[in-house]
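These notes concern the structure reproduced below.
The values are calculated or read from the model by the stated rules, or taken from the named source; none is laboratory data. Bear in mind that the values here come from a model prediction, so they are computed numbers and not experimental data. Note that we place each Cβ from the backbone using ideal geometry, even for glycine, and neighbour counts take in every protein chain shown.
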Amino acid sequence: MPRRLLATAVLLAVLPVAAQQAPSPQPAAPAGEPKTPVAVDPGRADAKPAKRAEADTGKVPLDDIRRFVTVYNAVRQAYVEPVSDARLMAGAIRGLLLDLDPHSTYFDKSAAEDFDENARGAYEGIGVELQRQDDGTLKVIAAIDDTPAAKAGIKAGDIIVAIDGKPFRLDEGDTSAPLRGPAGSRVVLGIRRKGQPKPIDITVVRETIRIASVRSRMLEPGYGYIRLAAFQADTAAEFEKQLDGLETQSGGHLRGLVMDLRSNPGGLLTSAVQIADDLLERGGIVSTRGRMPIADAQFSATPGDRLAGAPVVVLVDGGSASASEVLAGALKDNGRARIVGSRTFGKGSVQTVLPLDNGDSVKLTTARYFTPSGKSIQALGIVPDVAFAAAKSGDPRRGYSEANLPGHLRGDADDATSVGDILEGDAYITQALAELKKPARPTPAPPTATAPAR
């Protein structure tokens, strides 16, 4: 089994089966230049004092390894049917990651290629963000805008219990793989939905999914709207392009902007950082802290606000996660925007994709991230400045958050009861516009940027 790990850039991804991309390794940028992802060197380690006792010894746990080899050989020789070494080793690696946290996972070569392909915004499938459950089933985090899944009525919170009539096994690897397939082909999903007495079948026709991560329009003269559906490699550049277009439509200067991050599951950290920088004149954006020194990073704004101080309102909900929370937290803590909607998902952890030299990959949680004020939102989320009530009480998707995921990383203030609603429809955009037009509040001084504590 190959052991060599090649580190790639740090990214924020809400799910093991999310439409994200791990960019190629990049060196850290000099001060004042565009931010780049944080590269992780797996050969370095610097555990915090409270946790470093075993790591610092450098000793391999030989007794545990002997025990593993004993079981491994017993399975190879005595299991009722032959099992290949490759299958056994892949299962062992999956087991190694299974009890860590919901976002650390093992990708075989095919799944790793799909993972990379997703974030480039073009692949053949149905267009969903998923979370694999302990029993092998798949929880729907979001049906991506204008994809076959959304058109077929797949909803956040649905549990996929079978694909084409085949239920999942606990020992399976990437259980989402059958959702991929040629454009035009059909797949039947067995869905368990809260409020339904038994699973329902939904047929979805696969398409070539080309995700438009940014959309925009004028809400009324002088007031623009930008929808960010995900954070991909080109999202920041597209945001700037469409923001410039809105300013042109408004005669050269917008009076205000509504930024819609509802049900945006996250994506590349650097895209969120760049968009925050576009709207901030100064101040911190986000910091990351892990066990390895190189996992510690801090991003700060460079001079230049593309909106020249025009007011911004950010619309979020219970499906806004990861990089979405980075962006919302940066604008909130710096007093640059009012956050409206409902409490966000609460994913405050950083994942690093570590490719193996056989084509497989491991996605490993390596750090937590912190907003400019130094707060971790892990398992807590961002509380909006103005809360919007859900259109329907008792929405089956309410109660779904990072704090409710089995095995999630503990946060500074875990709160599984305080979770956000999923806010769908244009009525919330209208409410956000009304908040945008209200008189501006005094802007607090940006938090002082400090190096991550160790």
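Annotations for the structure displayed:
- Screening SER361 on (1) under 18 Å from the mean Cα position of the chain (by Cα); (2) buried (at least 24 other Cβ atoms within 10 Å of the Cβ); (3) assigned by TED's automatic domain parsing to the domain that holds TYR428 shows it passes everything except condition (3).
- Checked across segment 115-124, the condition of being within 24 Å of ASP317 (Cα to Cα) and at pLDDT 80 or above holds for no residue.
- Restricting segment 72-97 to residues that are surrounded by 14 or more Cβ atoms within 10 Å (Cβ to Cβ) and out of contact with any helix residue (DSSP H, G or I) (no Cβ under 9 Å at 6 or more places or on another chain), the residue that is modelled with the highest pLDDT: LEU97
- Of the residues making up segment 196-208, not a single one is under 25 Å from the mean Cα position of the chain (by Cα) and within 22 Å of GLY319 (Cα to Cα).
- Failed item in (1) in contact with a helix residue (DSSP H, G or I) (Cβ under 9 Å, 6 or more places away or on another chain); (2) of a type in the set (Lys, Arg); (3) over 23 Å from GLN232 (Cβ atoms), with ARG282 passing the rest: (1)
- Where ARG169 falls short, out of the listed (1) out of contact with any strand residue (DSSP E or B) (no Cβ under 8 Å at 6 or more places or on another chain); (2) buried (at least 16 other Cβ atoms within 10 Å of the Cβ): (2)
- GLY319 of a type in the set (Gly, Ala, Ser), buried (at least 24 other Cβ atoms within 10 Å of the Cβ) and either in a loop (DSSP other than H, G, I, E, B) or touching a Pro at 6+ places or on another chain (Cβ under 8 Å) (or both): yes
- Among (1) surrounded by fewer than 20 Cβ atoms within 10 Å (Cβ to Cβ); (2) in contact with a Lys or Arg (Cβ under 8 Å, 6 or more places away or on another chain) - the single one MET218 does not satisfy: (2)
- Any hit, segment 193-202, residues being buried (at least 20 other Cβ atoms within 10 Å of the Cβ), hydrophobic (A, V, I, L, M, F, W, C) and either farther than 19 Å from LEU130 by Cβ or at pLDDT 95 or above (or both): no
- Yes/no for VAL258 being assigned by TED's automatic domain parsing to the domain that holds ALA387, outside any strand (DSSP E or B) and buried (at least 24 other Cβ atoms within 10 Å of the Cβ): no
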